[in-house]
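The next block holds one structure in the form of structure tokens; read it before the comments.
The values are calculated or read from the model by the stated rules, or taken from the named source; none is laboratory data. Computed from a prediction, not measured in an experiment: that's the story for all the values here. FYI the Cβ positions are ideal-geometry reconstructions off the backbone, even for glycines, and counts take in every protein chain you see. Areas reflect the complete protein model, heavy atoms only, side chains present, ligands, DNA and RNA absent. Shrake-Rupley method; radii C 1.70, N 1.55, O 1.52, S 1.80 Å.
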Amino acid sequence: MARKIIYVVGALLVALLLVALILPFVIDANRFRPEIESALNSALNRKVDIGNIRLSIFSGGVSVENISISDDPSFNKEPFLKAKSLSVNLELLPLIFSRAIHVTGLTIDEPSVTLLRSPAGNWNFSTLGAAPGQTSNAGATAPAPASSNSATSDLSVRTFSLKNGTLVVGNTGANARPHTYSQVAIKASDLSYTTQFPFELTANTPGNGSIKLTGKAGPLNSQDAAATPLNASLEVKSLDLKATGFIDPSAGLAGLLDFTGNLNSDGQTMTSSGKVVAAHMQVVAGGSPATQPVEVDYETSYALKPQTGQLKRGDVHIGKATAGLTGSFSNEGTPSVQMKLAGQNMPASDLESVLPALGVMLPSGASLKAGTLNANLAINGPVDKLVITGPVNMANAKMTGFDLGSKMTALAAFTGVSKSADTEIQTFSSDVRVAPEGIRSDNLNLVVTSIGSMTGSGTVSADHKLDFKMLAHLGSQSNSSPQAGLAKVASSGGIPFKIQGTTSNPQFIPDVAGIVSGLAGGLGNGVANGAKSAVPTNTKDLGQALGGLFGNKKKPQ
């Protein structure tokens, strides 16, 4: 009896194996194409085209070649997704006997996905899976599905896998430049419109960086995929800001970012906290990469609609220098910020490393070795046209490798300006404005111990050219030369001069018209007050003084 049972079971197994081998050749799986396309159309609310379908008994599903999913028509006429193959795991008995489709898993191989952002800040994937007739974020009505045999709320996918993917990110503008993310992979399980599901996303970013996002999402939002709740951790390494596709390359904003943090969204508001480390940071066009990393510990809150957020905490660290960054930001239309940056007693030697990022260049060979800096700055405007304004103050600084006295030899005729390998700065203060077109400095006040004080205002262009008008209030004379007399004449109103050239090679040039005007007024006042001994009393003496001022070695005839 037992032997007969074994024979029967063995025969059944052989029969089932034969059926499994023969069935794919007997049943043309392509006859199920309309139902499969209809189900996908209904689930995704996008037109779906598929190629050849093969039935796979052993894997429990079908394999689809050359799948294409249309884009939101208000964004793009080209496909949103194209893939080499799509494997659909199904419950086969309902499929064969009642033509009912129960999807248990999806695997997409070598997909190419295009993500586009509209000028209003909306994305083309937001209407993916939206209900029929749902208005898209770009303002158009989402296409109605080809069929609605099953409600989206009944759809669930037991396993989902996307491998060897390519992601192209760009804008819908005429001059948009696409940026490609490679080796995109997604793993998820138990996707549903009613429950939360775990997932993992990894990708290589443009410029050899990487992204890893892991956590839980869901339930899927049937109206807007971007509003699906999320609880995840994000790790980014060596993200090249210029190559992301999210920032206009002409903005001048650049750098390599490392990021670790958490993202939490209820579908309406997203909160995030973590650390950003920016290496080779550059903030303005015409600037140069910072030589020291900038670290920011932050906390933010972001409203998905209307795409505005608050930076609740931003602790900025540059070496031992620390500043606080707070304010608001918006991604609606052109991304913009309204921020405040405040720092007190920050070591100037640490801040020197980030000055080039702001377009501030020290003279060639110069370096800040001492001193502290206070700043209270406002940062406003579109991220590609940031404007930074506010007062800065520096005290007890030492600039090595730069002799200000030797640069002011033309003014040395007025006083005993000493020369030194370094420049000791007692105080420096100014109201600054840093913008794409360059830097403006107003109410500038510089006190150098060995020289005196200098006041004025001027600009540094985007290509680092200087144009400053200054007054020098130089130290007292220790001799009775004609130049000493000129110094006394000019001491009450200051000696006018200009700073031109470039930031790497500044040129200190006497303002001739201003000097002559000041001397003429001073001579008159000196004679009126009987101070003739301190003032050149004839044209020969005056010529000698001016000759000394301009470094003329010949005495006037």
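Computed from the C-beta positions of Asp511 and Ser406, the FRET efficiency with R₀ = 22 Å rounds to 0.65.
Any of Lys242/Lys385; Lys242/Lys465; Lys82/Lys187; Lys275/Lys398; Lys275/Lys312 with alpha carbons more than 21 Å apart? Name them for me. Where the Cα-Cα span goes over 21 Å, the pairs concerned are Lys242/Lys465; Lys275/Lys398. Residue ranges 494-505, 194-205 sort as 494-505, 194-205 when ordered by packing (mean number of other C-beta atoms within 10 Å per residue, highest first).
Computed over the Cα atoms of segment 192-333, the ratio of the radius of gyration to the Kirkwood radius (Rg/Rh) comes to 0.99. Protection proxy ranking of 462-472, 105-115, by the mean of other Cβ atoms within 10 Å over each peptide's residues and highest first, is 105-115, 462-472.
For segment 156-230, the solvent-accessible area works out to 50 Å² per residue, with a probe of 1.4 Å and every protein chain left in place.
Along segment 71-77 the Karplus relation, 6.51 cos²θ - 1.76 cosθ + 1.60 evaluated at θ = phi - 60°, assigns HN-Hα couplings of 8, 4, x, 6, 9, 7, 8 Hz to successive residues, with x for each Gly and Pro. Measuring between their Cα centroids, segment 310-358 and segment 281-309 lie 8 Å from each other. Taking Cα pairs under 8 Å and at least six residues apart, what relative contact order does segment 318-460 come out at, in percent? Once divided by the residue count of segment 318-460, the mean separation gives 17 percent. For Lys77, the aspartates and glutamates whose Cα falls under 16 Å of its own Cα, not counting residues fewer than eight places away in the same chain, are Asp49.
Surface composition of segment 252-294: carbon plus sulfur atoms contribute 61% of the solvent-accessible area (1.4 Å probe, protein chains only, all chains present). The packing ranking of peptides 378-385, 446-453, highest mean first, is 446-453, 378-385, where packing means the average number of other beta carbon atoms within 10 angstrom of each residue.
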